[in-house]
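K.L.:
One structure follows; several queries about it will come next.
The values are calculated or read from the model by the stated rules, or taken from the named source; none is laboratory data. Note that the coordinates shown come from a computational prediction; the quantities given were computed from them, not determined experimentally. Cβ coordinates were reconstructed from backbone atoms using ideal geometry, including for glycine residues, and neighbour counts include every protein chain displayed. For the accessible areas, the whole protein counts, side chains as well, though only heavy atoms, and no ligand, DNA or RNA atoms are used. Shrake-Rupley method; radii C 1.70, N 1.55, O 1.52, S 1.80 Å.
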Amino acid sequence: ASKEVKPSVFMGYQFLNSVTMEEGVEKIGASAFENVPLKQIKIASTVKEIGKKAFYNHEVSTITIPANLMRIGKDALFGEKIEEYIVDEENTKYSSYQGILYDRARRTLIHCPNLLPGFTESTKRMAVGVPPTVTTIREQAFGNNLERLTLPASVSSLADRAFENTLADRKSVV
């Protein structure tokens, strides 16, 4: 069995709505499932790396990060319908808190989903309070529903495009 899902292999394929990675797969190539309207993604526990834009523009609500996943490429998991990230407790690189994806030490906010988890209908995540452990916020960290953001004094590094997907006319940073 191949240990890699090749880059761009299913890119743009519109008739696929679920992907289950076989155990043994270690890498998902760049853009492998880009612009595929997936509603479910099951990442094998053996996956160590997900390439840039691998699942870009999916329709999944919950992304589960396995213990062995150590590298997530830029925009690899970007999707407007994400409600939450769930990270395996054994993962030494990533963590999640209130559905938001952070590095393990919770010093870097990687991605805050557009929607809130646990509602029967999609509920927009309009306000976010960043924990005081966070010092860095990555580019494109916030979705376009954000209206209010509370940043602690600990934040010393904001990526140039941290708010790129946020509607500028509604944004207020406290």
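K.L.:
Taking only pairs six or more apart or across chains, which ones have beta-carbon atoms under 6 Å, a first residue in the stretch 108-127 that is in contact (Cβ under 8 Å) with a residue 12 or more places away in the chain and among the basic types (Lys, Arg), and a second residue that is open to solvent by less than 50 Å² (accessible area, probe 1.4 Å) and not in a loop (DSSP other than H, G, I, E, B)?
P.N.:
Arg125/Leu115
K.L.:
Here is a further query. Only one of Thr46, Thr92, Thr64 is touching an Asp or Glu at 6+ places or on another chain (Cβ under 6 Å) and among the hydroxyl-bearing types (Ser, Thr, Tyr); which?
P.N.:
It is Thr46.
K.L.:
Go through the stretch 9-20 residue by residue and tally those that are within 19 Å of the chain's Cα centre (by Cα) and either under 16 Å from Asn57 (Cα atoms) or among the aliphatic types (A, V, I, L, M) (or both).
P.N.:
Residues of the stretch 9-20 within 19 Å of the chain's Cα centre (by Cα): 11, 17-20.
Within this subset, residues satisfying the condition of being either under 16 Å from Asn57 (Cα atoms) or among the aliphatic types (A, V, I, L, M) (or both) are 11, 17-19.
Qualifying residue count for the region: 4.
K.L.:
Still on this structure, I have one more. List the number of the failed condition for Ala153; all other conditions in (1) modelled with pLDDT under 90; (2) more than 19 Å from Ile63 (Cα to Cα); (3) open to solvent by 80 Å² or more (accessible area, probe 1.4 Å); (4) of a type in the set (Gly, Ala, Ser) hold.
P.N.:
Single failed check for Ala153: (1).
K.L.:
Which residue out of Glu49, Glu26, Glu4 is among the acidic types (Asp, Glu) and without any contact (Cβ under 8 Å) to a residue 24 or more places away in the chain?
P.N.:
Details: Glu49 fails: without any contact (Cβ under 8 Å) to a residue 24 or more places away in the chain; Glu4 fails: without any contact (Cβ under 8 Å) to a residue 24 or more places away in the chain.
Testing whether each residue is among the acidic types (Asp, Glu) and without any contact (Cβ under 8 Å) to a residue 24 or more places away in the chain leaves just Glu26.
K.L.:
Also, quick follow-up: Using beta carbons and a limit of 9 Å, which pairs, at least six apart or on different chains, have the first residue in the stretch 63-83 and of a type in the set (Ser, Thr, Tyr) and the second one assigned to a loop (DSSP other than H, G, I, E, B) and open to solvent by 40 Å² or more (accessible area, probe 1.4 Å)?
P.N.:
Pairs found: Thr64/Asp88.
K.L.:
Shifting gears a bit: Just to be sure I understand, how many residues within the stretch 88-135 are open to solvent by 50 Å² or more (accessible area, probe 1.4 Å), of a type in the set (D, E, K, R) and part of a strand (DSSP E or B)?
P.N.:
Selection size over the stretch 88-135: 1.
K.L.:
Of all the residues that make up the stretch 136-150, how many are open to solvent by less than 30 Å² (accessible area, probe 1.4 Å) and under 18 Å from the mean Cα position of the chain (by Cα)?
P.N.:
Total satisfying the criteria: 7.
K.L.:
Residues in the stretch 30-41: is at least one closer than 21 Å to Ala159 by Cβ, of a type in the set (D, E, K, R) and surrounded by 21 or more Cβ atoms within 10 Å (Cβ to Cβ)?
P.N.:
no
K.L.:
Just to be sure I understand, how many residues within the stretch 42-54 are open to solvent by 10 Å² or more (accessible area, probe 1.4 Å) and in a loop (DSSP other than H, G, I, E, B)? Write out each step before concluding.
P.N.:
Initial filter on the stretch 42-54 (open to solvent by 10 Å² or more (accessible area, probe 1.4 Å)): 42-43, 45-46, 48-49, 52-53.
Filter once more, keeping what is in a loop (DSSP other than H, G, I, E, B): 43, 45-46, 48, 52-53.
Of the residues in that region, 6 qualify.
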